[in-house]
Amino acid sequence: MKKNKFIFYLLISLLVSCNNNKKQKLNYTLSKVKTYEYAIDNTTHYFSYFTYVLHDKYLLRDNYNSNSTYLLDINNQKIIKNDEFKIEGPNGIPDFPGAAVYPLKKDSLVVVSVSGRTYITDKNKVVFSRKNIKNNEVFRSYGLNPYQPKLYNGCIYLWKSPDFLPKENQFFTQANYFKFNLKTHSLKNIPIYHLNKTLGASNLLLKTYFTQKGNNLIIGFGNTPKLLKFNMDTNKVTDTITPYTPPEVKVKFINNEDESEAIKLKNNYFFYNIIYDKYRDIYYRFIFSPVSDISKATKKYDFFQTMPFIIQTLDADFNTLAINKFKENTYNLYDYFVTKEGLWISKNNFNNPNFDENKQVFDIFKLTAK
């Protein structure tokens, strides 16, 4: 009897697995509905690590490799404010470039740096500063789009920069995320760890990324299609989700210390991010795909400019609605965000023949029926 039960559950498991990977009938597609552009001068860089949409009217963006942010009025296509932070002194933030930033309001930011320091600003002043050290552990973060901080119930949730290399076992036992309590200014690890412990794999294949829907974080990993659902109220992973994955998407192992790592990554698939679109209650999952001509690939770590990619649109239950493929050397996959109009992706790619460093250009995509 026990043997029969085991066989029954095994068959069910196989059926679920097969169903998850069977060819999907897709009734929707991401359609380009608009191109948006605005002029920038020589004080504003065309690239930003992060973008926040404020009040459905403004874009708050960092000014790449500088100690400043700017505020763009979306409707008027005009930069209306530029805030620059000093590098030294009581109001200095020397490690602002690349830091994880969360806007509490237009004139107040929480900044958590790669060097392991938290700042809270009010206009151009630093009103709080602390070293992020707890029990000899340093809490550091980074501000790229896949790890944009999230706010829930008075805490900022942040991606945690690892203290170990992928070839070390500690890399997989260290928490991937932490939170900063705005009231008590305390730090706490979040119990989220790697799903696939592939010792020695490339950093990009082991990167994690996350988005937020209500009281849940949805967390993904570079080397697996699986997603974790983490409930911020219970502080627990409540579900593991495996959305349909196109059959050609297979992530090959690449060694982190391989001298041809960049070239091999460009001939690989890997998962990059998932974004929740609150306006339409859907998700966009980003997947890098191999370049068309590997013989022309360089050892530069410029994947976000040179690699083709797939955007898989999922409904609220993670069923696939659309799968769209995008060409290499066209978009800048560091730079994207969602507004009421749709999904914005930057075209400021220096390999794009229409690239102009004096303009910021985005294509806007919306889910439409085929």
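The values are calculated or read from the model by the stated rules, or taken from the named source; none is laboratory data. In this text the structure is predicted, and so the values were computed from the model without any measurement. Heads up, the Cβs are rebuilt from the backbone with ideal geometry, glycines too, and the neighbour counts pull from every protein chain shown.
Candidates Asn351, Asn329, Asn268: the one that is at pLDDT below 95, in the same structural domain as Thr242 (by TED's automatic domain parsing) and in a loop (DSSP other than H, G, I, E, B) is Asn351.
Checked against the criterion of being more than 22 Å from Gly98 (Cβ to Cβ) and at pLDDT 95 or above, the candidates Ala175, Ala201 yield just one match: Ala201. Entry remark, the range 156-186: residues being surrounded by 20 or more Cβ atoms within 10 Å (Cβ to Cβ) and aliphatic (A, V, I, L, M) number 2 in total.
Considering only the range 182-190, I want to know if a residue exists there that is touching a Gly at 6+ places or on another chain (Cβ under 8 Å) and assigned to a loop (DSSP other than H, G, I, E, B). For the range 182-190, residues touching a Gly at 6+ places or on another chain (Cβ under 8 Å) and assigned to a loop (DSSP other than H, G, I, E, B): present. The single residue among Lys167, Lys150, Lys183 that is among the basic types (Lys, Arg) and touching a Ser or Thr at 6+ places or on another chain (Cβ under 9 Å) turns out to be Lys150. Kindly establish whether Leu265 is touching a Ser or Thr at 6+ places or on another chain (Cβ under 9 Å) and either in contact (Cβ under 8 Å) with a residue 60 or more places away in the chain or surrounded by fewer than 20 Cβ atoms within 10 Å (Cβ to Cβ) (or both). In short, yes. Taking the residues in the range 224-256 that are touching a residue at least 24 places away in the same chain (Cβ under 8 Å) and of a type in the set (Lys, Arg) as candidates, determine which candidate is surrounded by the most Cβ atoms within 10 Å (Cβ to Cβ). Among those that are touching a residue at least 24 places away in the same chain (Cβ under 8 Å) and of a type in the set (Lys, Arg), it is Lys226.
Answer yes or no as to whether Glu259 is closer than 29 Å to Ser289 by Cβ and either in the same structural domain as Ile133 (by TED's automatic domain parsing) or exposed (fewer than 15 other Cβ atoms within 10 Å of the Cβ) (or both). The answer is yes for Glu259. Checking the structure you have, find out if any residue of the range 168-183 is within 16 Å of Phe210 (Cβ to Cβ), in contact (Cβ under 8 Å) with a residue 12 or more places away in the chain, of a type in the set (Lys, Arg) and not assigned by TED's automatic domain parsing to the domain that holds Lys134. Looking through the range 168-183, at least one residue is within 16 Å of Phe210 (Cβ to Cβ), in contact (Cβ under 8 Å) with a residue 12 or more places away in the chain, of a type in the set (Lys, Arg) and not assigned by TED's automatic domain parsing to the domain that holds Lys134. Under the condition of being within 30 Å of Lys213 (Cα to Cα) and free of Cβ contacts under 8 Å to residues at least 60 places away in the same chain, which residue from the range 303-315 is surrounded by the most Cβ atoms within 10 Å (Cβ to Cβ)? Ranking the candidates gives Met307 first.
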